[in-house]
Amino acid sequence: MMLYISLFSRYLRVKLLSGWDTVSENRIRSMLDAAMTAIPKTHPRYESLVLRERLVEGFRQGIVVPQGLIAHGRGEMFDYLLGERTTKESRAASRAAAALLLQAKHPVISVNGNVAVLCPDDVARLSILARARVEIGLFHRTDERVSKIQKLLQEHGARDVLGFLPDAAIPGLDHMRSLCSKDGVYSADVVLVPLEDGDRAEALVNMGKKTIAVDLNPMSRTARNATITIVDEVTRAMPELVRNVEDLADDPKAARLALSKYDRDENLEKIAEKMSDNLENFLER
Ligand code: PTJ
């Protein structure tokens, strides 16, 4: 009898323990998942971590490509050197860019996966204020991604988004990234290219277009080839651009002045100096 009781209690213990193990494992897993996404507001890098989460979520939804996560990491590194703030130089570039958009006859905003996830509201707002067409232009193009991005942008207020049925190609590019729309990028006089690949940016310049780049890397080919380069994090740069378009819309004199004062190479040089000074100061601390 004693033997039966002892065997039964051992069996119960094993069952209870294994049951408890499963429950606690699941709880720990869900706590870990929650901890991954619930970023404490007190974290000194809160904003940067929130951007990462948005991109990761965009990746899970099939909007951002894995390469987009890597590209963002590269951008973060330059932003760190920049001091994670909008500089005087990027404000000046942004004002000049706003002026160029307002002067344009046929401005187009080119949107990729990262930009769609990071600033859909600003893309929509800017397109309305600057009377610019929005076109989805992907480096890693699939119809599925284009239609997801189109839906996302429309949900945020963008109208007549182009890109799903491309009917033209950017000369000099031998890849799906050359695809574009006749009514959009192909016939545009000014193209805003936030986070653009260097080859595509160069090909647009070779087509005789004026381009506005948003790129945290002041040394990138995109940054060095664009007519105007805003070296700033795209979620800071886009609302700043929206504000400048609003501000300059009724002030053509101020717009002309902003454009005439802007010198791309000088602007990029000052930003590179700022980054290098910041690095020296970090190291001296
Ligand atoms: O969505 P797809 O398929 O069109 O692909 C988009 C990426 C970004 C993957 C594609 O365009 C690409 O490969 O871009 P690159 O050549 O890596 O260039 C991206 C540039 O943007 C780099 O110079 C980065 O430093 C910069 N960058 C990355 N994140 C940001 C940024 N600049 C401003 N704000 C950011 N958040």
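Filtering region 96-123 to residues that are under 18 Å from Arg60 (Cβ atoms) and among the hydrophobic types (A, V, I, L, M, F, W, C) leaves Val115, Ala116, Val117, Leu118. The conditions of being touching a helix residue (DSSP H, G or I) at 6+ places or on another chain (Cβ under 9 Å), modelled with pLDDT of 95 or more and buried (at least 21 other Cβ atoms within 10 Å of the Cβ) are not met by Asp167. Of all residues in region 103-155, those that are in contact (Cβ under 8 Å) with a residue 40 or more places away in the chain, surrounded by fewer than 18 Cβ atoms within 10 Å (Cβ to Cβ), within 13 Å of the ligand (Cβ to nearest atom) and not in a helix (DSSP H, G or I) total 1.
Within region 184-235, restricting attention to residues that are of a type in the set (S, T, N, Q) and closer than 16 Å to Ser94 by Cβ, the residue that is surrounded by the most Cβ atoms within 10 Å (Cβ to Cβ) is Thr229.
The values are calculated or read from the model by the stated rules, or taken from the named source; none is laboratory data. Here the structure is a predicted model, which is why all the values come from computation and not from measurement. Cβ sites come from the backbone with ideal geometry, for glycine too, and all protein chains shown count toward neighbours.
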